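**Student:** Structure incoming, see below.
Laboratory data are not the source of any read-out in this text; all were calculated from the coordinates shown. Everything numeric in this text was worked out from a predicted model, so none of it was measured. Here the Cβ is made from the backbone with ideal geometry for all residues, glycine too, and neighbour counts use every protein chain on show.
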């Protein structure tokens, strides 16, 4: 009996070592390219070709790539536009998707299964398959191809809101279904209407799931270059990904500048993920198993 227990522990230990080893290798293949790009952003473009794998120390270190990036374009203005778009998208997706998810999770009505099927099916359509009719629709509204920064940012945010709704509804529904209905019934008995129940009972309990939706939506909006290429035409309207894409195009094969541009785009995203990763994991798994 003792031999069996010892063997079982050894087997489990070997499995864990193997799993952690494979995960470590996978992490290195994912993290190293980012480290390589950041390292080369501090080198001269000639040194990148001959010493691309060396640390940027001593004579190799330079800030010229970042100085050139900030001299060429208004990076802080682009960051501001990105934050306006991405924060607006995240907030509105949480608001509308939360209400829709609550209705689909808690109420039975005619056509409920059809609506849910359409929500899931809409996740299968890529953005580029709908951009032409969406662009034409917004053009008739007069919010694209204008010199107005506000209208252009709105034209960028609207497709992103619509594109993230399905994902958000599915994630939030899974979490809301795991919340005991007894809590909502108790709130009804205390005199709360449906809106008070949602905002005072359901919303506080579903914070991890809403945090997950907010983070993923924000990051998706922040990195969405495809929509920005259609809706942000003028320099004062550019968000950070559109601006840095244009910057690298203007400078040709300046690898140092390209590395600096990628770093300026990626580092803020990594910071957001590092500090909020516990909310992402908790929100994605908490509603997976109903208690």
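**Student:** Given a Förster distance of 41 angstrom, what is the FRET efficiency for residue 162 paired with residue 52, based on the Cβ-Cβ distance and rounded to 0.05? Display every interim value, and only then the final one.
**Tutor:** Details: r = 42 Å, r/R0 = 1.02.
Efficiency at R0 = 41 Å is approximately 0.50.
**Student:** What full-extension length gain, to one decimal in nm, is calculated for residue 225 and residue 207 as 0.36 nm per residue of separation minus the Cα-Cα distance? Could the numbers behind the result be given before it?
**Tutor:** Details: separation 18, 0.36 × 18 = 6.48 nm, distance 2.91 nm.
Contour length minus the Cα-Cα distance gives 3.6 nm.
**Student:** Starting from the Cα-Cα distance between residue 234 and residue 116, subtract it from 0.36 nm times their residue separation and give me the gain in nm to one decimal. Please list the in-between numbers first.
**Tutor:** Numbers: separation 118, 0.36 × 118 = 42.48 nm, distance 3.91 nm.
Full extension from residue 234 to residue 116 adds 38.6 nm.
**Student:** Specify which labelled value, from (1) 75, 70, 34; (2) 51, 46, 36; (3) 55, 42, 31, agrees with Cα extents along the principal axes in Å derived from the coordinates of the model shown.
**Tutor:** Comparing each candidate, only (1) matches the computed number.
**Student:** Calculate the FRET efficiency for residue 141 and residue 83 from the Cβ-Cβ distance with a Förster distance of 35 Å, rounded to the nearest 0.05.
**Tutor:** Details: r = 24 Å, r/R0 = 0.69.
For residue 141 and residue 83, the calculated efficiency is 0.90.
**Student:** With n ≥ 4 as the cut-off for DSSP H runs, can you work out [θ] at 222 nm for the chain, using -39500 (n - 2.57) per run divided by the number of residues, rounded to the nearest 500?
**Tutor:** On the way: 13 runs with 216 residues, N = 291.
After summing the helix terms and dividing by the residues of the chain, the value is -25000 deg cm²/dmol.
**Student:** How far apart, in nm, are two points set 7 Å out from the Cα along the Cα-to-Cβ line at residue 193 and at residue 277?
**Tutor:** About 4.5 nm, to one decimal.
**Student:** Can you tell me the relative contact order of the chain? Whole percent, Cα pairs under 8 Å, sequence separation 6 or more.
**Tutor:** Values: 284 pairs, mean separation 85.7, N = 291.
About 29 percent, as a whole number.
**Student:** What ranking do 136, 242 get, fewest neighbouring Cβ atoms within 10 angstrom at the top? Present the calculation step by step, with values, prior to reporting the outcome.
**Tutor:** Numbers: 136 10, 242 23.
Placing the least packed residue first, the sequence is 136, 242.
**Student:** Taking the beta-carbon count within 10 Å as an exposure proxy, list 224, 64, 182 from fewest neighbours to most. Please report the intermediate quantities before stating the final value.
**Tutor:** Numbers: 224 23, 64 14, 182 8.
Going from least to most buried by this count: 182, 64, 224.
**Student:** So if we plug the beta-carbon distance of residue 23 and residue 177 into 1/(1 + (r/R0)^6) with R0 = 30 Å, what FRET efficiency do we get, rounded to 0.05?
**Tutor:** Computed FRET efficiency for residue 23 and residue 177: 0.45.
**Student:** Something else: Would you mind ranking 80, 278 by Cβ crowding within 10 Å, fewest neighbours first?
**Tutor:** Numbers: 80 13, 278 10.
Fewest-to-most ranking of 80, 278: 278, 80.
**Student:** Tell me the label-point distance for the pair residue 249, residue 149, using the 7 Å Cα-to-Cβ offset, in nm and rounded to one decimal.
**Tutor:** 2.1 nm
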